[in-house]
1. Considering (1) among the polar types (S, T, N, Q); (2) within 24 Å of the chain's Cα centre (by Cα); (3) at pLDDT 80 or above, say which one GLN163 fails and leave the rest.
2. Quick one: which of LEU390, LEU430, LEU422 is part of a loop (DSSP other than H, G, I, E, B) and either assigned by TED's automatic domain parsing to the domain that holds HIS494 or at positive phi (or both)?
3. Is it the case that some residue within the range 699-710 is within 19 Å of GLY605 (Cα to Cα), of a type outside the set (Val, Ile, Thr), modelled with pLDDT of 90 or more and surrounded by fewer than 18 Cβ atoms within 10 Å (Cβ to Cβ)?
4. Looking only at the range 439-458, count every residue that is surrounded by fewer than 15 Cβ atoms within 10 Å (Cβ to Cβ) and either touching a Leu at 6+ places or on another chain (Cβ under 7 Å) or part of a helix (DSSP H, G or I) (or both) and tell me the total.
5. Which residues, taken from the range 636-652, are of a type outside the set (Asp, Glu) and surrounded by fewer than 19 Cβ atoms within 10 Å (Cβ to Cβ)?
6. Might you let me know whether the range 384-393 holds any residue that is out of contact with any helix residue (DSSP H, G or I) (no Cβ under 8 Å at 6 or more places or on another chain), more than 20 Å from THR436 (Cα to Cα) and surrounded by fewer than 17 Cβ atoms within 10 Å (Cβ to Cβ)?
7. Going by the structure shown, is VAL417 in contact with a His (Cβ under 8 Å, 6 or more places away or on another chain), surrounded by 12 or more Cβ atoms within 10 Å (Cβ to Cβ), under 23 Å from ALA474 (Cβ atoms) and among the β-branched types (Val, Ile, Thr)?
8. Scan (1) closer than 30 Å to LEU319 by Cβ; (2) in contact with a helix residue (DSSP H, G or I) (Cβ under 7 Å, 6 or more places away or on another chain); (3) modelled with pLDDT of 95 or more for the single condition SER519 breaks and write down its number.
Amino acid sequence: MGCGRNLHKKRRRFVKCAAALAAIFLVAWPCRAQSKPASQQPELPWTQDFAKYPGLLDEFGRLVERLQQNIQYPAAREQSRLLPLLPPTAMSYAAFPNYGEVTHQALTVFRQELQESAVFRDWWGHGKLAASGPKLEDSLEKLYELHQYLGDEIVVSGTMEGQEPHLLVLAEIRKPGLKKFLQEVVNQPAGNSNPEVRVLDLAELATAKDGGTPKQLTVLVRPDYVVAAVDLATLRSFNARLDSRTRDFASTPFGQRIVKDYEGGVTVVAGADLQKLLNQVPSVAKGNANFQRSGFADVKYLVWDHKDVAGQTVSQTELSFSAPRHGPASWLAKSGPLTNMDFVSPKAIFAGTVTLASLPQVFDDLKEIESTASPSPFATLATFEQTLKLSLKDDLLSYLGGEITVEMDSVAPPAPVWRIILRVTDASRLQQTLSTLLAAGHLETQHSENRGVTYYSVRVPSAKTATEIGYAFADGHLIVGSSPDVVAEAVRLHTSGGSLGKNQKFLAALPAGRGLEASALLYQDPTATTALSIRQVAPEMAGFFERFSAKSPPAVVCLYGDETAIREASRGGAFDVGAALVVAAVAIPNLLRSRTAANEASALGSVRSVNTAEVTYAATYPERGFASALAKFGTEPRKAGATSADHAGLLDESLAAASCTGDAWCSKSGYQFRVKAVCLQHQCADYVVVATPVDNNTGTRSFCSTSTGIIRYKSGSPLTAPVSVAECKKWSPIQ
C-alpha cells in the first residue's frame with residue numbers, strides 16, 4: 001500500500017507539471033502581445049479553437065486526470081550493468097530509464113480520449129494540430145517501438161581520447177531486429193539523400209570508412225549492446241573494449257562516485273568529473289590567477305540525481321571539492337536556521353535567501369580579486385569613506401549577520417511590492433551608519449513607533465514622483481520594503497506566526513529531514529507566477545490551469561554548504577538546477593576548447609598565407625629577397641591598386657596593416673603575428689613568421705615557419721618576442 005501511494009504521488013506530481021507546461025506552451029508563443037493594451041491584443045489561435053469547440057477545455061482536464069490514473073513510471077534502479085563498461089577516460093555520465101512503456105501508456109490514454117470524445121476528436125482532426133498531430137503520434141509510436149528493443153537503462157557518456165572529446169551512447173539489446181528497424185527509421189526521412197545516421201553491424205564496422213558527413217552519428221548494433229558515436233575510431237575502440245570484457249570505469253574515483261548514487265535506488269543520474277574537464281582547458285585551470293583565488297579551481301565532481309528519500313521524490317545535486325572550500329567558493333555559509341523566512345509573506349510569489357559565512361571576508365576577497373583590474377571599482381572607496389568618516393567594512397558589513405533575503409509579492413502596476421530582510425548583530429550601531437548614509441544622500445527621513453518597533457520612512461526623489469520606502473529593526477533583523485506598510489506587515493506576520501516560515505504548505509515542500517535549516521533557499525509559487533501570464537494572455541484558460549495546480553506544492557530549492565561540498569535538494573525537482581549545472585559543466589570547457597581550436601586553425605591558415613606571400617614577394621622583388629615585415633605585404637595607401645616593394649598588396653589589412661612593422665604585432669582571431677627576416681644589407685635570405693596567442697584564454701600553442709614552408713608549433717605561454725630561424729626549426733612540425 002505504501003509503495004502504491006508513493007507511486008501515485010509521483011504520477012500526480014509529474015502530470016501536474018505536464019499540465020502546467022502544456023498550458024504555458026499553449027499561450028506562451030504570443031506573449032509579445034502583452035505590450036499592447038488588452039483592447040488591441042489580437043485574438044489568439046488557441047482562443048479561436050476554444051470558442052469554435054465548446055467543451056474543449058473540459059476535455060483537456062479529463063485527459064490529464066486519465067493520465068494521472070493510468071500512467072506508471074519505471075522503477076528506480078539500484079545498480080547499473082552499463083556503467084562498468086565505460087572507458088576509464090569517461091568525464092561525464094548520464095543514465096535514464098527506458099520510457100518506452102510510459103510513451104505507450106500515454107498514447108493509449110490519448111487515443112481512448114479521441115474515441116470517446118467527439119469534441120476532442122473534431123478538434124484534433126480539424127484544429128490547429130490537424131496537420132502536425134498525426135506526425136506527432138507516429139513519432140511517439142516509433143519511440144515506443146524503439147524502446148521495445150532496448151534494456152531498462154540508456155547511458156550517455158563523454159570521454160577524452162587524445163585531444164578531442166567523444167560521445168558514447170550505450171544500451172542493452174532486449175530482442176533481435178533492431179538494426180532493420182533503425183535502418184527503416186533513418187532512411188525514411190532521408191529519401192534519396194545520405195541519411196544523417198549510419199547503422200552498422202560488427203561485420204560492416206570492420207570495413208567501414210569515415211562518411212562524407214562531418215560528425216555523422218554512427219550506430220553499432222551488436223547481439224548484446226547498441227552503441228552510438230560520432231566517429232568510427234571511438235566506436236571501434238569501444239567495441240574492442242566490450243569484447244575484452246574490461247571493467248575499468250567502475251574502479252575509477254569518478255566511477256565509484258556515480259556508483260554511490262545508485263544506492264537506495266535512482267531514476268535519473270548525471271555527473272561530470274570537473275577536474276578532468278578543467279584540465280582540458282589549461283588556460284582556465286592553471287593560467288588564470290583569479291580563478292585559482294576563487295577556490296573553484298579545486299572543484300572535483302558535479303553529480304545530480306532523482307531518487308526517493310523518505311518516500312518522497314527528491315532532486316539532489318552535489319558540487320564537491322578536492323580541498324576545504326576557500327575564497328569565493330567558501331562564501332556560502334554552513335547550514336543553519338533561516339530566520340529571515342519568519343518575516344516573509346505567505347503571499348510571496350518569489351523569495352530567495354542566502355547566508356554568507358562572513359560579509360567582511362567577502363569584502364576583503366572582492367578587493368583582492370579586483371586589485372588587478374584597471375580601473376579598480378574600489379579605487380574611490382577610500383575617499384568616500386574618508387569624506388563620510390566611516391568604514392564600509394567596519395561600520396556596515398560587520399553589523400550584518402550574513403543572511404540576506406529578497407522577497408517579491410507583486411509585480412502589478414503601479415508599483416511592485418517587495419521586501420529585503422537582513423539578519424543584524426548590532427541594530428543600534430547599524431542605525432547610526434544608515435543615518436550617516438541617508439544624511440549624506442540628502443534623503444528625507446521620518447520615523448514613528450508602534451508596539452515597541454521604530455518604523456523609518458525614506459523619500460527617494462525621482463524624475464516623475466518621489467518614492468517612499470520603509471525600514472525597521474525587529475528581533476535582530478532589518479526589514480526594508482517598498483513602502484512603510486509593507487515593512488509593518490512583515491513585522492506583524494513575524495509576531496503573529498503567520499509568515500511563510502511558519503506556513504505548513506511551505507514546510508511540507510522542504511526536502512525531507514532537513515527542516516528550515518540550510519545555507520540558501522529559493523522559493524517560488526508556480527501557480528501565481530504562471531497565472532500572471534495566463535490571465536493576461538488567455539483568461540479563459542485560468543480556470544483550467546488552477547484546476548490542476550491549485551493544490552500543487554510550491555517550488556523550493558535548498559542549498560547546503562559544508563567544508564568540502566555544496567549540495568542542493570528539492571522535492572520533485574521543482575527547479576532542477578542540478579541538471580542544468582551538469583550540462584553547463586560539460587559544455588563550457590568544450591566550448592572554450594572549440595574556441596581555442598578555431599583560433600589555432602585560423603592562425604595556421606594565416607601562417608600559410610604569409611608563407612605564400614613571402615614566396616611571391618621574393619619572386620617579384622629578387623633584389624629584396626624575402627619581406628622583413630608584415631606591413632610590406634599591405635596595400636598602397638596613397639594610390640589604390642598600385643604595388644611596390646614596400647606595399648606589395650599580397651595580404652589584407654588584418655595581417656598587413658601599415659603599423660605591423662618593426663617591433664609591432666598584427667592581431668587576428670585571438671592570435672598575434674610578426675615577421676622577422678635574416679638580411680644582409682637590403683636583401684633578406686630567410687625569414688621567420690610567428691603566430692602566438694593574445695593571452696592564455698585564446699590559444700595554447702604558438703606557431704612558426706621559415707622559408708622551408710614547414711609550419712611548426714610549441715605549447716606553452718604566449719611569446720613576447722619572435723623566435724629566430726634556428727629556434728623555429730627546433731619546434732615540432734605540424735603533422
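The values are calculated or read from the model by the stated rules, or taken from the named source; none is laboratory data. Bear in mind that the values here come from a model prediction, so they are computed numbers and not experimental data. FYI the Cβ positions are ideal-geometry reconstructions off the backbone, even for glycines, and counts take in every protein chain you see.
1. So the condition that GLN163 fails would be (3).
2. Selected residue: LEU390, the only one of LEU390, LEU430, LEU422 that is part of a loop (DSSP other than H, G, I, E, B) and either assigned by TED's automatic domain parsing to the domain that holds HIS494 or at positive phi (or both).
3. Yes - at least one qualifying residue is present in the range 699-710.
4. 3
5. Answer for the range 636-652, where residues must be of a type outside the set (Asp, Glu) and surrounded by fewer than 19 Cβ atoms within 10 Å (Cβ to Cβ): PRO637, ARG638, LYS639, ALA640, GLY641, ALA642, THR643, SER644, ALA645, GLY649.
6. Checking the range 384-393: not a single residue is out of contact with any helix residue (DSSP H, G or I) (no Cβ under 8 Å at 6 or more places or on another chain), more than 20 Å from THR436 (Cα to Cα) and surrounded by fewer than 17 Cβ atoms within 10 Å (Cβ to Cβ).
7. Against the criterion (in contact with a His (Cβ under 8 Å, 6 or more places away or on another chain), surrounded by 12 or more Cβ atoms within 10 Å (Cβ to Cβ), under 23 Å from ALA474 (Cβ atoms) and among the β-branched types (Val, Ile, Thr)), VAL417 does not qualify.
8. Single failed check for SER519: (2).
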